[in-house]
Amino acid sequence: MGRREAKLNHLSVLPITAKAIAAEMLKDVEGRELIQKLRDGESLGADRDRLYSLQSGCAMQGLRTFIPEKFRKTILQELHSGHLGQVKMKALARNYVFWPRIDHNIEELCRNCEICTRHKGNPIEVETHYWEYPSKPWERLHLDFAFYGALTYEIIVDAHSKWPEIFIIHNVNSQTVIHICDDLFAMYGLPKCIVNDNQSSLVSRQWRDYLAERNIKLITSPPYHAASNGQAERMVGALKNCPRTSTISRIQKYLCI
């Protein structure tokens, strides 16, 4: 399964499926036109051709799925469910879906939302998922990435001890994550499960197969509610309060205070 197929599978957690989108594409004016151009090999513009492809009857722009007009309101409501504000809504949308004027639709929805207006700059929190406390250290790990200053970090938190393992990384692909986990598992042993969000590298077939081969259960937080991965999210927030000149060892000590 390729990265685009994995991304299509994410739609199964939404009120619509890839199969429903593919069926509606044939009825949707914009969707039908886009599908026809892709099938005929017609150019969509010199800088755009390489971004588009067909996958299971759906039009893809990189890893984003084209949404026919019939389902756009449903997707907007799902993006809007946490009242995160238009900036974060746009960021989420750019990971999963696209259609003409999607940014305008998001802006209009937020502008007309009383709750978003009231909490602008201080978005309300979605319902928190409370995890069962692990029976021993290194049983459940929470994994996330943090982007701080000019650096990118991979953060892995032990849910029992709250101990963070932090690594400066040059990219967030699956192979980088696996390389770090190989080192950690060699030192501490294998966990029972890992919790991460729906970043493409953390739901890829390569990552899923790596964990399955080691009998490690993968739990992903819902695509639009990454805060369900609370242990790692809190560490990301704490990391951003560290002095920018801190070394990794100092950051680890800071986070464990």
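Any read-out appearing in this document is the output of simple, stated calculations on the displayed coordinates, not a laboratory observation. As the structure is a computational prediction, the values presented were derived from the model and not from experiment. Note that each Cβ is placed from the backbone with ideal geometry, even for glycine, and that neighbours are counted across all protein chains shown.
Tell me the label-point distance for the pair LEU38, ALA20, using the 7 Å Cα-to-Cβ offset, in nm and rounded to one decimal.
Computed distance between label sites LEU38 and ALA20 equals 1.9 nm.
Can you work out the Karplus-derived ³J(HN,Hα) for every residue in region 188-205? Use 6.51 cos²θ - 1.76 cosθ + 1.60 with θ = phi - 60°, whole Hz, and x for glycine or proline.
10, x, 8, x, 7, 8, 10, 10, 8, 8, 9, 4, 4, 6, 9, 10, 5, 4
Can you give the direction-averaged projected area of the convex hull of the alpha-carbon atoms in region 65-112, in nm²? Let's see the in-between values first.
Working: hull surface 11.7 nm².
With the hull built on Cα positions only, its mean projection is 2.9 nm².
Which entries of LYS19/LYS88; LYS88/LYS162; LYS27/LYS73; LYS162/LYS217; LYS19/LYS73 have Cα-Cα distances beyond 24 Å here? Could the numbers behind the result be given before it?
Numbers: LYS19/LYS88 27 Å; LYS88/LYS162 28 Å; LYS27/LYS73 17 Å; LYS162/LYS217 19 Å; LYS19/LYS73 18 Å.
Violating the 24 Å limit, Cα to Cα: LYS19/LYS88; LYS88/LYS162.
Residue by residue through region 208-218, which ³J(HN,Hα) values in whole Hz follow from phi under the Karplus form 6.51 cos²θ - 1.76 cosθ + 1.60 (θ = phi - 60°), with glycine and proline marked x?
Result, rounded to whole Hz: 5, 5, 4, 6, 4, 5, 9, 6, 9, 6, 9.
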